[in-house]
Amino acid sequence: MKALRDAIVILSMISVCVSCAMFGKSKEYHGFDASWLERFTPGTTTAAEVLEVFGAPSHMVKLSNGNAYVYERSVSKGTGIWLVVLSFGNYETQYDRIVFFFDNEDILTHYGLSMNAGDSSYGFPF
Amino acid sequence: MGFRFSVSLVFIMGLVVGIILPGCISYQFVRQLRGAEVMPPDNTLHTGRTTLGEILSIYGAPDSLEELGGTDLLIYERTLHGNSGLAFGIPFSDLSFINPELSARGRLGRYDTLALFFTSDGILREIVYTKGSSYPYLKTLLEDERATDGE
């Protein structure tokens, strides 16, 4: 009986020693501030003015009646747990994104803003 | 001065199994979530009337944009991937070419998508909403487009 108890103690110690937890965070940074949007007026602001303030976009999309400039940044958070033979991981990525719509004359027609990167969180996968 | 633990077969077996087991058997589950929750379309959206500006003020910036045959497509999407795997193997690769392994893996993808089609004048033309779909809407749509173009 004592031997069994010792075995359980040893197994428990091994379980603890070979277990680990991890928390990680990564940012895909693009310098922009939502408050800069106050400088722009649809109908008059040009693509050049947007580029001057925001810099080069993350990507551009050709649309049926103009172009869209997309500015994007992301925050990813990861949580990992290793328990001897079991391992669990959870990764969440959220984005801040601004999309400017320009007509064929490169005049700003609309813009859309989503700020969700701050909502990225650590957690378990279950 | 004696040993604290009595050496027995059970003790040795427990030690050996505890050391060897993590190297031979593993189960993993990884969950990946990307994007914010997608709001389903409500009765404020009307095809033929709602404008691009109204959509942007309600839903914010889309996750992706595409131009498809004179129509502009805005996609709001949240993806959830779950990967799980059970593996049993004996890592002999450093000692010999024989490296027996038995494994089973599963991958689950779930897509919540709101796809909004606009005319070139920025008027909402069509609304597509899917929740818990196994396939990404845009990828499927583009593959269908390419297949149609190829005919």
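The values are calculated or read from the model by the stated rules, or taken from the named source; none is laboratory data. What you see is a predicted model, and the numbers here were worked out from it, not measured in a lab. Using ideal geometry, Cβ is built from the backbone for each residue, glycine included, and neighbour counts are taken over all protein chains shown.
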Practice task
Return yes or no: is residue A:35 among the hydroxyl-bearing types (Ser, Thr, Tyr), part of a helix (DSSP H, G or I) and more than 9 Å from chain B (Cβ to nearest Cβ)?
Solution key: yes
Practice task
Spot the failing condition for residue A:48; the list is (1) part of a strand (DSSP E or B); (2) small (Gly, Ala, Ser); (3) at pLDDT 95 or above, and only one is missed.
Solution key: (1)
Problem - Filter result for the condition that a residue is part of a strand (DSSP E or B), within 8 Å of chain A (Cβ to nearest Cβ) and either at pLDDT below 95 or within 30 Å of residue B:119 (Cβ to Cβ) (or both), over B:67, B:77 - result: B:67
Practice task
Could you identify the single residue in A:30, A:59, A:110 that is more than 11 Å from chain B (Cβ to nearest Cβ) and under 30 Å from residue B:122 (Cβ atoms)?
Solution key: A:30
Handout entry: Residues of the stretch B:1-42 that turn out to be at pLDDT below 70, farther than 16 Å from residue A:9 by Cα and aliphatic (A, V, I, L, M), as a count
Key = 3
Practice task
Tell me which residues, restricted to the stretch A:113-123, are surrounded by 19 or more Cβ atoms within 10 Å (Cβ to Cβ) and at the interface with chain B (Cβ under 7 Å from one of its Cβ atoms).
Solution key: A:114
Practice task
Can you confirm whether the stretch A:60-70 contains a residue that is in a strand (DSSP E or B) and of a type in the set (Ser, Thr, Tyr)?
Solution key: yes
Exercise for the section: Please indicate, with yes or no, whether at least one residue in the stretch A:91-104 is surrounded by 15 or more Cβ atoms within 10 Å (Cβ to Cβ), closer than 30 Å to residue A:14 by Cβ and either among the aromatic types (Phe, Trp, Tyr) or in contact with a Cys (Cβ under 8 Å, 6 or more places away or on another chain) (or both). Expected result: yes
Problem - Out of B:61, B:104, sole residue that is surrounded by 15 or more Cβ atoms within 10 Å (Cβ to Cβ), within 30 Å of residue A:76 (Cβ to Cβ) and of a type in the set (Gly, Ala, Ser) - result: B:61
Exercise for the section: Any chance you could count how many residues in the stretch B:33-58 are at the interface with chain A (Cβ under 9 Å from one of its Cβ atoms), touching a residue at least 40 places away in the same chain (Cβ under 8 Å) and over 18 Å from residue A:73 (Cα atoms)? Expected result: 4
Handout entry: Residue among A:89, A:43 that alone is within 12 Å of another protein chain (Cβ to nearest Cβ), part of a loop (DSSP other than H, G, I, E, B) and at pLDDT 90 or above
Key = A:43
Practice task
Answer yes or no: is there a residue in the stretch B:83-99 that is buried (at least 16 other Cβ atoms within 10 Å of the Cβ) and touching a Pro at 6+ places or on another chain (Cβ under 7 Å).
Solution key: no
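Listed here are the residues, each with its yes/no results for (1) of a type in the set (Val, Ile, Thr); (2) loosely packed, with under 14 Cβ neighbours inside 10 Å; (3) farther than 30 Å from residue A:87 by Cβ.
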site	(1), (2), (3)
A:4	no, yes, no
A:13	no, yes, no
A:37	no, no, yes
A:56	no, yes, yes
